[in-house]
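Following: one structure in structure tokens, then a few remarks.
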Amino acid sequence: MSTLDNAYALLIGVGNDLPITVKDATAIKNILADDTLAGYPPQNIILLTEKEATRKGILDGFDDLISKINEDSSVLLFYSGHGGLYEPWNQFYLVPNNFDPVEYEDTWVKAEELKQKIQAIKSRRLIFFLDCCHAAGMTHAMPTTVAAGAEEKLENPDGLAQKIDDGKGMSIISSCREDQLSYIMDGDSNSLFTKCLIEVLKGQHKEHFDEEYVRISEVFQYIFKKVPERNPEQRPYANLQIYDDFVLSNIPKKLRKAVVEKIAEKTPTTSGSKEEVITVFREQEEAEQVIIFVHGFSGEAASTFGNIPNYLINNPELDDWDLFPLGYSQYVKPDLGKGIWASPDDIQKIADYLATSIKYKFGKYKRIAIIAHGLGGLVAQRAIVDLNTKNMERISHLLLFATPSKGLKSSALEKLWNRKYRELSANGDFITNLRKDWNSTFGNSYPFTFKAIAATYDEFITVESSLEPFDKEHHVTFTANHFSLVKPKSEDDDSYNLILNILTETTFEKQNTDDEEVNLLLEKYETVINELLPKVNEMDRRGLEQLVFALEGMNRSEEAMSILGTNEIAKNDSDLLGILGGRYKRKYLKSFIAKDGEEALKYYSQALKMSKDKKDSKQIYYHAINLAFLNLIIKNDQSRMQEYARLALENCEKDPFNSLWKLATLAEANLYLGNLETSKEFYEKAAAMAGQREKISIHTNAYTAYTSLMGTDNPDDQFIMFLKMNFLL
């Protein structure tokens with residue numbers, strides 16, 4: 001059975017005063033039905049044009065489609081024609097071929113009717129292309145024309161997309177935003193949007209293929225790239241509830257043979273897990289307030305914020321608030337944006353969706369609170385700035401958790417990540433324009449309650465980037481890492497209580513955050529020293545760590561080392577030295593300042609010597625593997641790297657327990673010794689035990705070491721792909 005034997009399409013081109021719509025729908029049909037191209041069975045394609053595209057014809061076409069498909073089918077819907085918004089009723093609709101402006105109620109197809117038909121389509125793999133921006137909005141059933149030389153447009157096409165979205169995994173792509181026109185470029189026989197769709201269905205979107213299929217993610221990526229490139233005044237719109245990256249068509253037959261020979265054992269994945277996509281936490285008919293959670297690109301729409309939504313739902317003070325996740329589902333292909341970072345194009349794409357959702361999907365709510373994490377905070381800022389005054393006034397709260405509002409440090413990105421991520425540096429166009437637009441819109445005064453929240457142990461976003469663009473009255477810093485900041489373990493955690501107290505307008509006091517730790521992150525070293533130095537002989541290991549680090553920060557190294565050498569707790573604690581080494585290692589990987597790297601080497605070396613004296617095998621392999629990494633990255637000394645790797649392996653053998661960090665050490669040591677297959681075996685075992693924070697830490701070391709050793713950061717490299725699959729997805 002062919003992969004596309006169970007693929008179906010309903011294609012509509014209404015015609016009348018828009019003959020291009022018939023050409024568009026027919027062109028798509030010809031590609032889908034051609035066995036040398038897309039390869040759909042011809043009997044699975046329903047084409048409705050001109051007199052067949054009446055109200056009855058369109059509704060009957062949906063019924064015909066519904067009768068043919070099953071849950072495992074994939075469905076492509078395409079509509080090209082007029083559409084509009086009847087403002088007195090806030091009624092979105094399509095304009096069939098037989099539409100009568102006087103008898104409009106009997107001749108239009110309302111969004112609600114479309115939604116009902118779509119809900120009856122049981123397949124979980126469905127994409128709807130709306131190239132209906134050729135028509136002006138119908139207000140009071142009267143057409144409005146646009147400037148000469150441009151095609152007519154649909155009023156609010158992305159509003160229509162919101163109205164027909166059933167929230168259950170349907171993918172929708174509309175040809176442009178509501179404030180834009182959709183064009184036919186000079187000399188073309190199809191609209192720009194449809195032309196780009198045709199190109200990707202024909203496999204013209206790339207030169208090399210690793211499989212013989214075109215997937216939905218490729219269509220998204222190509223259309224969103226090419227349409228604005230060819231006409232900057234037109235930017236497509238898409239919703240984000242994508243259930244899986246299913247096969248949409250074959251590539252041309254002439255290209256398939258080489259691909260099949262190259263990867264004979266590979267088969268396509270056409271369906272994902274049968275779990276339901278979570279699109280709502282709580283929705284009530286009478287609610288007038290809503291909380292929208294916007295996740296970062298290393299997260300997932302329904303799980304990023306851990307138990308916070310449940311805690312809020314269970315609090316009776318918030319009974320009148322609805323709660324929704326917004327963002328990519330867990331089934332989206334990572335290249336679409338779900339990676340550690342994302343490109344400005346991805347952020348703009350989701351910001352468009354959020355802004356449109358605020359206007360339409362969440363249009364009934366009088367107050368909207370947005371809680372965002374990571375790059376989701378950039379999405380939220382961009383969306384809010386793009387809102388008109390009426391909708392901006394509905395925003396009541398904005399909380400940005402660990403958001404790189406000042407950008408990502410370019411030096412770190414240069415060394416650690418792919419080129420496209422550098423566009424999010426502090427000096428990149430996206431961050432520069434966002435900060436300019438934000439400041440010109442709000443200055444120092446916000447029409448909503450606003451907080452920027454940073455984490456002391458954030459592995460990716462500096463405290464400076466999270467907080468500095470905003471006045472100090474809006475700053476909050478918690479003891480947490482990038483992920484634990486939004487995954488509270490209980491209702492007593494600071495992050496949850498901040499949200500609760502802000503929403504209920506009650507006083508908030510930190511319960512679990514160490515102020516000295518925060519001061520260290522903010523480089524208020526004198527404050528820490530003045531507080532802790534008088535109590536040096538009374539403190540526990542944590543206090544000593546903070547004091548020593550503050551002394552180092554003030555260039556009082558001799559004093560710090562004296563404490564480590566004479567304090568009863570510190571002088572025999574190799575782990576404390578390793579923790580300090582780890583602090584400098586993380587600083588180095590963020591800034592690549594040579595002094596930080598040397599400090600990391602110094603502390604790990606001292607810790608290793610102490611561990612050897614005590615014959616502590618666990619501490620030996622822990623410090624040795626870090627020294628192997630640092631000698632590679634800082635010194636480019638592969639001989640010393642391998643020496644420390646062998647030492648780590650020897651001492652791992654003395655540890656009877658296969659703990660997470662022992663497995664990670666075995667994996668990393670074998671990587672340094674060139675035993676890649678053995679390394680992968682141990683990395684797989686470590687990944688099975690690791691939590692999100694540990695996975696990121698392991699991936700950072702492995703990716704940085706591998707790319708340095710091999711001299712490549714090609715995302716298609718097999719080992720890099722292996723690391724991504726095991727630690728980032």
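Data overview
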read-out	value
Test for ASP100: is it at pLDDT below 80, acidic (Asp, Glu) and either open to solvent by less than 10 Å² (accessible area, probe 1.4 Å) or more than 28 Å from ILE198 (Cβ to Cβ) (or both)	yes
Flag for MET641 being buried (at least 19 other Cβ atoms within 10 Å of the Cβ) and farther than 30 Å from THR304 by Cα	yes
Only listed residue being among the hydroxyl-bearing types (Ser, Thr, Tyr) and farther than 29 Å from GLU598 by Cα, chosen from THR704, THR678	THR678
In the stretch 415-437, residue modelled with the lowest pLDDT [restricted to those that are open to solvent by 10 Å² or more (accessible area, probe 1.4 Å) and aliphatic (A, V, I, L, M)]	LEU416
Qualifying residue in the stretch 172-183 (condition: farther than 30 Å from ASP716 by Cβ, assigned to a loop (DSSP other than H, G, I, E, B), charged (D, E, K, R) and modelled with pLDDT of 80 or more)	no
Meets criteria (part of a helix (DSSP H, G or I) and either farther than 15 Å from MET725 by Cβ or of a type in the set (Ser, Thr, Tyr) (or both)) for LYS662	yes
Any chance ALA686 is among the small types (Gly, Ala, Ser) and at pLDDT below 90	no
Residues located in the stretch 468-489, provided they are part of a loop (DSSP other than H, G, I, E, B) and either open to solvent by less than 10 Å² (accessible area, probe 1.4 Å) or not basic (Lys, Arg) (or both)	GLU468, PRO469, PHE470, ASP471, THR479, ALA480, ASN481, HIS482, PHE483, PRO488
Restricting the stretch 703-729 to residues that are touching an Asp or Glu at 6+ places or on another chain (Cβ under 8 Å) and under 16 Å from PHE629 (Cβ atoms), the residue that is least open to solvent (accessible area, probe 1.4 Å)	ALA705
Where a residue in the stretch 627-652 is assigned to a loop (DSSP other than H, G, I, E, B) and its partner, wherever it lies, is polar (S, T, N, Q) and buried (at least 21 other Cβ atoms within 10 Å of the Cβ), with Cβ under 8 Å and at least six apart	ASP637/ASN631
In the stretch 683-695, residue least open to solvent (accessible area, probe 1.4 Å) [restricted to those that are in contact with a helix residue (DSSP H, G or I) (Cβ under 7 Å, 6 or more places away or on another chain) and farther than 12 Å from PHE722 by Cβ]	ALA686
Test set (1) open to solvent by 20 Å² or more (accessible area, probe 1.4 Å); (2) under 43 Å from the mean Cα position of the chain (by Cα) - GLN546 fails condition number	(1)
Among the candidates THR3, THR26, residue that is modelled with pLDDT under 90 and open to solvent by 30 Å² or more (accessible area, probe 1.4 Å)	THR3
Selection within the stretch 541-559 - modelled with pLDDT under 75 and either in contact with a Phe, Trp or Tyr (Cβ under 9 Å, 6 or more places away or on another chain) or in a loop (DSSP other than H, G, I, E, B) (or both)	PHE549, GLU552, GLY553, MET554, ASN555
Near pairs, Cβ below 7 angstrom, 6+ apart or cross-chain, from the stretch 401-414 (over 16 Å from GLY376 (Cβ atoms)) to any residue that is at pLDDT below 50 and open to solvent by less than 10 Å² (accessible area, probe 1.4 Å)	none
Among the residues listed as GLU317, GLU300, GLU283, GLU265, the single one being modelled with pLDDT under 90, open to solvent by 10 Å² or more (accessible area, probe 1.4 Å) and farther than 16 Å from ALA372 by Cα	GLU265
Criterion: modelled with pLDDT under 90 and out of contact with any Gly (no Cβ under 8 Å at 6 or more places or on another chain) - qualifying residue of LYS390, LYS409	LYS409
In the stretch 576-617, residue modelled with the highest pLDDT [restricted to those that are touching a Lys or Arg at 6+ places or on another chain (Cβ under 8 Å) and farther than 18 Å from PHE549 by Cβ]	SER617
Residue list for the stretch 491-540, restricted to those being in contact with a helix residue (DSSP H, G or I) (Cβ under 8 Å, 6 or more places away or on another chain), at pLDDT 85 or above and in a loop (DSSP other than H, G, I, E, B)	GLU491
Within the stretch 54-77, tally of residues that are among the small types (Gly, Ala, Ser) and modelled with pLDDT under 90	2
Neighbours by Cβ (under 8 Å, 6+ apart or cross-chain): first from the stretch 214-237, in contact (Cβ under 8 Å) with a residue 60 or more places away in the chain; second in a helix (DSSP H, G or I) and of a type in the set (Asp, Glu)	SER217/ASP335; GLN221/ASP335; PHE224/ASP345; LYS225/ASP345; ARG235/ASP352; TYR237/ASP158; TYR237/ASP352
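Residue by residue, here is whether (1) assigned to a helix (DSSP H, G or I); (2) at pLDDT 85 or above; (3) out of contact with any Asp or Glu (no Cβ under 7 Å at 6 or more places or on another chain) holds:
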site	(1), (2), (3)
ALA342	no, no, yes
ASP346	yes, no, yes
TYR353	yes, no, yes
ILE370	no, yes, yes
LEU398	no, yes, yes
THR403	no, yes, yes
LEU413	yes, no, yes
ASN439	yes, yes, yes
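The values are calculated or read from the model by the stated rules, or taken from the named source; none is laboratory data. No experiment lies behind these values; they were computed from the predicted model shown. In this analysis, Cβ positions are derived from the backbone assuming ideal geometry, glycine residues included, and neighbour counts consider all displayed protein chains. Accessible surface is based on the protein model in full, side chains and every heavy atom, while ligands, DNA and RNA are left aside. Shrake-Rupley method; radii C 1.70, N 1.55, O 1.52, S 1.80 Å.
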